[in-house]
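The values are calculated or read from the model by the stated rules, or taken from the named source; none is laboratory data. Predicted model only: the values in this text are computed from it and were never measured. A quick note on method: Cβ atoms are made from the backbone with ideal geometry, for glycine too, and the neighbour counts reach across all protein chains shown. The protein model used for the area step is the full one, side chains on, heavy atoms only, and it has no ligands, DNA or RNA in it. Shrake-Rupley method; radii C 1.70, N 1.55, O 1.52, S 1.80 Å.
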Amino acid sequence: CYVERRHKLAEGGALATAGKRAAFALFYAPVHFLTIQQIVRNLPLSRDRVSHVQDLGCGTGSAGAAVAHEHPGARISGADRHPWAVAEANWTYRQLALDGRAVQQDVSRVRLTPSRGTAIVAAYIMNEVGERVRTEMLGRLLAAGAGGARILIVEPIARRIAPWWEPWERELRAAGARADEWGFPASLPPRQRELAR
């Protein structure tokens with residue numbers, strides 16, 4: 001789906017079957033949580049006071065939860081258009097005792113909060129939206145960042161499937177952002193290690 005049938009992503013193809021949803025819930029969600037947690041711990045974002053996390057295309061809620069976990073007391077607003085993902089995100093927030101709520105909404109309609117104390121997370125979502133939405137979102141994210149919000153965009157580094165990233169990187173850097181490639185040791189819990197194998 002990600003490589004050979006990319007047109008299906010904008011239609012929700014990544015969560016189209018029970019097997020794909022199980023893979024997200026059992027494997028990708030924990031891996032995404034651990035990855036985002038490590039990124040946040042290694043960025044200045046970890047030293048900022050974050051009271052509100054906006055998680056765009058929240059999926060299972062793992063990215064927003066990882067940021068909020070590093071900022072005790074932060075409230076999470078998740079948005080995803082897939083009803084299963086919204087239910088999973090709300091379950092994730094409850095399980096981690098986080099103050100969060102996910103709603104069913106397309107990322108193009110989410111009203112961004114351009115203020116200090118807000119962290120806007122777009123993890124593994126810009127890769128999945130159509131070109132028009134992605135172009136609009138870049139402008140909206142830049143404006144939110146100029147208004148004081150902290151922006152964290154995380155995407156897979158496969159350049160072949162994300163040709164849009166280089167122009168984004170140029171515009172983001174011009175606005176004062178940084179672009180890093182991260183790699184962390186895969187110290188996964190036993191269940192995820194077994195699934196990965």
Report task. Answer yes or no: is there a residue in the range 163-178 that is over 27 Å from ALA74 (Cα atoms), out of contact with any strand residue (DSSP E or B) (no Cβ under 8 Å at 6 or more places or on another chain), at pLDDT below 90 and open to solvent by 30 Å² or more (accessible area, probe 1.4 Å). Result -> yes
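Out of everything in the range 31-72 that is of a type in the set (Asp, Glu) and open to solvent by 20 Å² or more (accessible area, probe 1.4 Å), what residue ends up being farthest from the chain's Cα centre (by Cα)? So that I can check it myself, show each step before the final result.
Restricting attention to the range 31-72, the residues satisfying the condition of being of a type in the set (Asp, Glu) are 48, 55, 70.
Going one step further and asking which of them are open to solvent by 20 Å² or more (accessible area, probe 1.4 Å), we end up with 48, 70.
Details: ASP48: 19, GLU70: 15 Å.
Looking at the filtered set, the residue picked out is ASP48.
Only one of these is in contact with a strand residue (DSSP E or B) (Cβ under 7 Å, 6 or more places away or on another chain) and either of a type in the set (Ser, Thr, Tyr) or closer than 17 Å to ILE120 by Cα (or both): GLY64, GLY73. Name it. Full working, then the answer.
Working: GLY73 fails: in contact with a strand residue (DSSP E or B) (Cβ under 7 Å, 6 or more places away or on another chain).
Only one candidate qualifies: GLY64.
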Requested in this report: Would you check if there is a residue in the range 95-105 being surrounded by fewer than 21 Cβ atoms within 10 Å (Cβ to Cβ) and charged (D, E, K, R)?
Outcome: yes
Query raised in the report: Is it the case that some residue within the range 96-114 is of a type in the set (Gly, Ala, Ser), more than 22 Å from LEU142 (Cβ to Cβ) and in contact with a strand residue (DSSP E or B) (Cβ under 9 Å, 6 or more places away or on another chain)?
Result: yes
